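Take a look at the structure below.
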Amino acid sequence: MKGGNIKMENKERAAASRLIKKYSIILILIALMIVLTMIKPQFIKPGNLVNMLRQISLVGILTMGMMLVILIGDIDISGGPQIALTSVICAYFASRECPLVLAFLMPLLAGLCCGLVNGVLTAKMRIPSFIATLGMMSVAKGLALIVSKGQPISGIRPEIEWLGSKKLMGIPVLVIVFIICAAVVSIMLQKTAFGKKIYALGGNQEAARVCGINVDLTRIKVFLLMSVFATISGILITGRVSSGSATNGIEYHMDAIASTVIGGVSMTGGSGNVMGVVGGVLIMGVLQNGLDLMMVSPYLQQIFKGAIIVIAVVADNMKNRR
């Protein structure tokens with residue numbers, strides 16, 4: 001009887017451990033929101049929550065692309081500058097007497113060019129993704145400054161502003177777009193052959209190649225998708241702030257990387273899911289909002305974000321060694 005009781009207790013502990021692990025992101029998020037509400041009661045006010053969700057959505061859209069890149073074992077640090085570049089291109093055409101469709105197509109074309117270059121350099125030229133995207137980061141920043149001439153481009157069309165400021169059925173358009181992006185990525189990863197290829201590449205690229213997967217083409221497609229999400233975020237942030245600027249979303253890739261790792265995606269690739277990453281995005285957004293409400297210096301916030309990334313990566317490495 002005693003042995004049976006011990007086995008039952010072990011099973012219950014294992015089940016509890018699995019449950020806590022499965023819902024750890026949600027538990028951390030709830031605890032964080034409770035603490036921030038106690039420290040700053042205005043945190044829980046509807047106006048603040050709506051603004052926070054809008055900001056979270058802009059980062060979250062980019063994070064969907066970052067998740068795909070990290071899942072294949074790569075990294076893209078040009079995401080933020082791509083947002084800035086596509087934002088100023090969108091504003092440039094949205095502030096002129098030209099077909100509105102150009103305000104969407106031209107930034108998308110620019111984003112796809114960035115993604116294609118990143119993908120080819122990484123997949124075909126065998127340049128480490130960090131180095132390739134570091135170069136693209138500098139190029140995108142420079143192009144954004146050239147297009148905008150170092151000044152915000154204002155006077156954009158109301159249709160673009162609508163995307164960043166209005167609601168549908170009481171839900172901000174930005175949030176709806178984020179939910180759609182997350183749903184599309186989740187379905188793609190779980191239900192399509194392309195999603196299986198992404199996980200296979202992150203698990204073992206050589207094994208994936210032996211199994212007949214076109215590794216180079218898959219990597220290029222992932223970098224193109226990353227740039228599509230950066231472009232979506234770039235267009236939406238233009239509507240959100242009613243202007244295009246070379247500083248719009250310039251550091252979002254840092255938040256995207258942190259959110260992805262916090263959400264349980266391994267930096268070595270091959271494991272992770274959309275729900276966990278969405279949780280990571282929410283945690284980072286709530287933290288950012290809380291720090292802003294407490295009037296913590298933006299410089300200290302940068303240190304804080306960097307520390308989170310380092311801690312998350314170290315924890316991921318320790319988990320992989322076990």
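The values are calculated or read from the model by the stated rules, or taken from the named source; none is laboratory data. Because the structure is predicted, anything quoted here is derived from the model rather than measured. So basically every Cβ, Gly included, is an ideal-geometry build from the backbone, and we count neighbours across all protein chains shown.
Okay, here's what the table says:
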quantity	calculated
Helices (runs of 4 or more DSSP H) within segment 23-126 that include 2 or more residues among the small types (Gly, Ala, Ser) and in contact with a Leu (Cβ under 8 Å, 6 or more places away or on another chain)	46-71, 79-94, 102-123
Residues (more than 17 Å from the chain's Cα centre (by Cα) and either of a type outside the set (A, V, I, L, M, F, W, C) or farther than 18 Å from Phe93 by Cα (or both)) located in segment 231-263	Thr238, Gly239, Arg240, Ser242, Ser243, Gly244, Ser245, Thr247
Some residue of segment 278-288 being on the phi > 0 side of the Ramachandran plot and in contact with a Ser or Thr (Cβ under 8 Å, 6 or more places away or on another chain)	no
Residue within segment 219-230 that is within 28 Å of Val35 (Cβ to Cβ) and part of a helix (DSSP H, G or I) present	no
Helices (runs of 4 or more DSSP H) enclosed by segment 142-212 - at least 2 residues per element that are out of contact with any Ser or Thr (no Cβ under 7 Å at 6 or more places or on another chain) and within 28 Å of Ser87 (Cα to Cα)	158-165, 173-191
Candidates Gln288, Gln301 - the one that is without any contact (Cβ under 8 Å) to a residue 40 or more places away in the chain, surrounded by 13 or more Cβ atoms within 10 Å (Cβ to Cβ) and within 26 Å of Asn48 (Cα to Cα)	Gln301
Near pairs, Cβ below 6 angstrom, 6+ apart or cross-chain, from segment 125-140 (within 18 Å of Met254 (Cβ to Cβ) and of a type in the set (Val, Ile, Thr)) to any residue that is modelled with pLDDT of 95 or more and assigned to a helix (DSSP H, G or I)	Thr133/Asn118
Test: residue in segment 217-239 that is touching a strand residue (DSSP E or B) at 6+ places or on another chain (Cβ under 7 Å) and touching a residue at least 40 places away in the same chain (Cβ under 8 Å)	yes
Residue in segment 237-255 that is nearest to Val310 (Cα to Cα), counting only those that are at pLDDT below 95 and hydrophobic (A, V, I, L, M, F, W, C)	Met254
Residue within segment 283-297 that is under 24 Å from Gly195 (Cβ atoms) and within 15 Å of the chain's Cα centre (by Cα) present	no
Filtered residue count, segment 131-169, keeping only those that are of a type in the set (S, T, N, Q), surrounded by fewer than 16 Cβ atoms within 10 Å (Cβ to Cβ) and at pLDDT 95 or above	1
Failed criterion for Val278 (all others in (1) modelled with pLDDT of 90 or more; (2) more than 15 Å from Ile30 (Cβ to Cβ) hold)	(2)
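Residue by residue, here is whether (1) among the small types (Gly, Ala, Ser); (2) crowded, with 17+ Cβ neighbours inside 10 Å; (3) closer than 12 Å to Ala123 by Cβ holds:
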position: Ala182; (1), (2), (3): yes, yes, no
position: Thr192; (1), (2), (3): no, no, no
position: Lys196; (1), (2), (3): no, no, no
position: Asn204; (1), (2), (3): no, no, no
position: Ala208; (1), (2), (3): yes, yes, no
position: Asp216; (1), (2), (3): no, no, yes
